[in-house]
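The values are calculated or read from the model by the stated rules, or taken from the named source; none is laboratory data. Since this is a predicted model, take the numbers as computed values, not measurements. Backbone-built Cβ (ideal geometry, glycine too); neighbour counts: all protein chains shown.
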Amino acid sequence: MTHPVLSLRHAIADDLRHQISKGHLKAGERLPSETQLATHYTVSTRTLRSALALLQGEGLVDKIHGSGNFPLRRITYTGGGGETAPWPTFSAPLRVTARTTTLKAHDPLTALLNVPPHSPLTEILYTAHEGTTPHRLARIYTRCTPVPANAPGPSPAPEQIAVRPDLDPRPPVTEVQERLSARLPTQEEATALRISTSLAVLSLTRVATDATGRVVEAALLVLSGDRADALFTTRRTTEERPPEA
């Protein structure tokens with residue numbers, strides 16, 4: 001015999017799930033308060049919270065303490081590769097903030113970019129949000145070349161680091177390797193993504209190389225496992241057969 005509270009919990013979750021999928025409850029926009037929702041469904045606040053917990057576990061609702069509950073969309077990472085799409089894409093537009101710093105190469109970056117230890121690198125840290133909810137972190141690394149002392153143009157201010165990327169932001173690549181794994185987040189990653197350290201993340205390492213085999217870019221992406229999927233499509237190429245005589 002089905003417990004009535006459990007039936008209500010799943011019925012409410014099903015209704016909210018349907019409204020989110022149809023766009024009636026828009027991603028990033030706060031849901032009515034738990035008290036209002038409980039009144040709407042004529043259930044106790046405890047039952048309503050139990051229903052929301054199901055959606056939170058599925059990555060469809062994010063609960064921000066002090067702010068409320070927010071519908072989410074699962075973001076699908078689409079792997080790159082090939083001449084037509086060498087760079088990764090995502091299924092939904094996100095608000096992205098970026099922070100650029102310079103650093104000296106250390107393990108594992110020396111191996112990842114195939115550069116000597118202490119080589120100057122540019123690191124761009126991207127954080128992508130939907131509304132107020134963070135979805136992914138990405139650290140992009142490229143080589144840097146010191147700017148010659150006699151280079152034309154104004155001298156940099158003393159507090160500026162005289163380095164510049166020696167690569168175009170989207171250089172031509174001939175090969176992209178991607179390695180995907182699931183793991184627990186570091187404390188820094190959990191804080192940035194606002195998730196528990198016990199919730200798995202998708203960890204993706206991308207290395208792009210040019211025709212000479214030189215690494216032109218390496219990327220380390222971290223996606224919250226409860227709100228992201230990864231999709232990889234392999235297209236088979238067939239050589240044209242000569243016409244039969």
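Right, Thr100: over 25 Å from Ser181 (Cβ atoms) and either part of a strand (DSSP E or B) or at pLDDT below 95 (or both) or not?
Values: over 25 Å from Ser181 (Cβ atoms): yes; either part of a strand (DSSP E or B) or at pLDDT below 95 (or both): yes.
So Thr100 passes the test.
Pairs are defined by a Cβ separation below 8 Å, a sequence spacing of at least 6 or placement on different chains, a first member in region 107-121 that is within 18 Å of Val216 (Cβ to Cβ), and a second member that is among the aromatic types (Phe, Trp, Tyr) and buried (at least 18 other Cβ atoms within 10 Å of the Cβ); the pairs so defined are Leu109/Tyr141; Leu112/Tyr141; Leu113/Tyr141; Leu121/Tyr141. For region 177-212, taking the residues that are assigned to a strand (DSSP E or B) and of a type in the set (A, V, I, L, M), the one that is farthest from the chain's Cα centre (by Cα) is identified as Ala208. Right, Thr132: at pLDDT below 75 and under 30 Å from Thr35 (Cα atoms) or not? So Thr132 fits the description; yes.
Within region 8-43, the set of residues being without any contact (Cβ under 8 Å) to a residue 12 or more places away in the chain and of a type in the set (Lys, Arg) comprises Lys22 only.
Only a single item in (1) surrounded by 15 or more Cβ atoms within 10 Å (Cβ to Cβ); (2) under 24 Å from the mean Cα position of the chain (by Cα); (3) part of a loop (DSSP other than H, G, I, E, B) is not met by Lys26, and it is number (1).
Just to verify a result, which residue in region 189-227, among those that are in contact with a helix residue (DSSP H, G or I) (Cβ under 6 Å, 6 or more places away or on another chain) and surrounded by 17 or more Cβ atoms within 10 Å (Cβ to Cβ), is farthest from Leu121 (Cα to Cα)? Write out each step before concluding.
Quick first cut of region 189-227, residues in contact with a helix residue (DSSP H, G or I) (Cβ under 6 Å, 6 or more places away or on another chain) only: 197, 215, 218, 222, 224.
If we keep only those that are surrounded by 17 or more Cβ atoms within 10 Å (Cβ to Cβ) as well, we get 215, 218, 222, 224.
Working: Val215: 12, Ala218: 11, Val222: 20, Ser224: 27 Å.
That would be Ser224.
What residue, among those in region 213-245 that are assigned to a loop (DSSP other than H, G, I, E, B) and at pLDDT 80 or above, is farthest from Ala138 (Cα to Cα)? Out of the qualifying residues, it is Gly213.
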